[in-house]
Amino acid sequence: MSLPRGGVRLFALAVCVALAPEALRAQQPPEPKAKAPPAATSAAAKPTPKAASRLNARQQAFLKNELLPAYQAGDPAALVKLIADQIARQSEQQNAAFDEALAEQKAPGLGKMLTDARMQLARVNAGMNAPELTVGELVLMLVEIDRQVTELVATAKKVELFQEPLPSPASLTEFRDLLWNAHVQNNQLINAAFLAGQGRLLLTSPLIAKVKNPTAAQKAAFAIDFAKQQSEIVQLQQDLNERAVELRLDRIQFAKRVLEESKDLKQRFLAAYAVGVDGEILLLGFQNYRGQFQRERLRSPTLTADLRIDIDHYGKELAGDLVKKSELLFAGLHWWRRGRYGRGPEGNGLLKSEEALANPAAQIALFMPMVTPAPTDPMKGGQQSPDYDRRHHWTWAWEDRQFETVGTGSTTSKNSNVTGTQNKNLGHWDGVIDGRFY
């Protein structure tokens with residue numbers, strides 16, 4: 001089913017407005033688990049050799065000294081070039097041997113590394129800087145995109161909001177958690193739609209026509225139906241977004257009772273946000289999306305009028321100035337969460353892409369964790385969460401980088417312990433690295 005222009009976008013926005021701080025972009029799907037080596041069939045059977053031993057000395061050195069460091073550094077352009085050059089020199093069997101060796105290092109396989117890196121460049125319109133695609137890369141990417149899209153769609157279908165009847169939360173916190181999960185899965189479906197679109201674009205490559213005697217793996221890759229995947233994703237998004245809208249209507253009814261009966265300030269803050277902020281967004285959505293709903297409840301002719309009455313009475317009279325205060329509070333929490341847990345596309349998550357210089361959208365989008373990590377005590381050692389204590393501390397610690405600072409009528413080059421405006425080697429960021437606007 002096709003949707004009117006902006007239809008899904010509008011109610012994706014409604015899903016995004018939750019009581020918790022939000023992510024503007026979900027993280028990429030988790031890496032596949034390493035495969036365990038097959039067990040011996042008898043005591044006399046020879047043990048399966050380690051994958052690394054199947055690589056020659058040059059390949060092992062490349063994996064250890066070039067590929068893994070580039071992957072760990074989070075440099076997609078460098079990673080694409082390394083993998084492209086390597087794939088051009090080896091067979092499908094050697095690709096599989098590389099994947100096993102990478103799995104032993106708890107790293108993703110060549111297909112996932114390559115696909116994630118090229119998709120990362122495509123998202124910030126930097127794909128033209130990558131090496132020209134080869135047939136070997138094309139096959140790996142088609143298979144990996146199909147795997148990721150299938151996984152993302154299957155995960156989205158398991159979200160609790162797809163239950164019938166809809167869940168009936170017992171508290172505003174439960175409403176928040178359900179809507180947050182829906183928001184995360186909607187972002188994942190957006191990612192899936194992007195990937196399916198890229199897969200469909202790859203299938204138009206002239207390289208495919210040049211393959212005279214395709215292998216079984218190539219035939220299977222060239223036959224993937226990304227158009228069908230796109231259609232399924234669009235329908236799933238509409239269903240998820242409409243269910244989230246219904247749940248928000250239920251939350252407004254719940255919030256009305258809280259405003260009437262509760263004296264607890266925290267609960268009244270949550271209720272004021274639900275009635276005042278969510279209510280206005282839903283009204284705007286109903287005005288622009290009239291007659292396009294699939295779910296019966298949302299097609300009620302009195303829905304908009306009833307909602308307006310609730311907002312005017314409960315939002316303006318009972319909640320009063322709590323509506324504005326709650327909006328400011330949760331907006332602040334949203335930006336704080338982005339500042340502490342968001343990751344940019346370059347510099348191991350510290351930096352925005354170079355595209356941010358010219359593209360405002362590239363200044364905002366971040367990779368966000370689907371589940372908020374639990375902070376750890378930095379004095380106790382182990383894996384630190386968040387990854388960085390303060391972004392400026394880690395960014396300006398690169399003493400060997402050169403920055404350009406612009407003063408009154410002069411331009412000077414200084415090392416990285418001087419606050420500058422642009423790091424030409426690592427990318428670009430805005431003025432507030434640590435916190436609100438990163």
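Quick note: the coordinates plus some simple rules give every number you see, no bench work behind them. The structure displayed is predicted, hence computed values, not measured ones. Using ideal geometry, Cβ is built from the backbone for each residue, glycine included, and neighbour counts are taken over all protein chains shown.
Counting every other Cβ atom within 10 Å of each residue's Cβ, M368, M141, M113, M379 order from fewest to most as M379, M368, M141, M113.
Karplus-derived 3J(HN,Hα) values for region 273-287, using 6.51 cos²θ - 1.76 cosθ + 1.60 with θ = phi - 60°, are 5, 4, 6, x, 7, 4, x, 5, 5, 5, 4, 4, x, 5, 5 Hz; glycine and proline are entered as x.
What fraction, in whole percent, of alpha-carbon pairs in region 127-282 exceed 24 Å separation?
51 percent
Comparing Cα centroids, region 55-118 and region 325-365 end up 29 angstrom apart. Once the chain from D177 to K263 is taken as fully extended at 0.36 nm per residue, the excess over their C-alpha distance is 28.7 nm. Out of every Cα-Cα pair that region 238-352 contains, those further apart than 22 angstrom amount to 45 percent. A simple spin-label model places the labels of T134 and R297 5.5 nm from each other, with each point 7 Å out along Cα-to-Cβ. Please go through the residue pairs K157/K263; K157/K380; K219/K352; K106/K212; K263/K324 and name each one whose alpha carbons sit more than 28 Å apart in this structure. Too far apart for the 28 Å limit: K157/K263; K157/K380; K219/K352; K106/K212.
What FRET efficiency comes out for T204 versus A88 if R0 is 22 angstrom and r is the Cβ-Cβ distance? Round to the nearest 0.05.
Once the sixth-power term is evaluated, E becomes 0.55.
When the trypsin sites (Lys or Arg not before Pro) in region 80-112 are filtered for DSSP coil states and for at most 11 other beta-carbon atoms within 10 Å of their beta-carbon, the remaining sites are R89, K106. Per-residue extension of 0.36 nm, minus the Cα-Cα distance of K212 and E151, leaves a gain of 18.8 nm for this segment. When you filter the trypsin sites (Lys or Arg not before Pro) in region 153-222 for DSSP loop state and at most 10 other Cβ atoms inside 10 Å of their Cβ, you are left with K158, K212. Taking a straight line from the alpha carbon of K64, these aspartates and glutamates sit under 17 Å away, with near neighbours fewer than eight places off in the same chain left out: D75, D85, D99, E100, E104. In plain terms, the bigger the Kirkwood radius, the slower the diffusion; for region 234-287, with that radius from Cα pairs, at 25 °C and 0.890 mPa s, Stokes-Einstein puts D at 206 µm²/s. Estimated at 0.36 nm per residue, the fully extended path between T376 and F162 surpasses their Cα-Cα distance by 73.6 nm.
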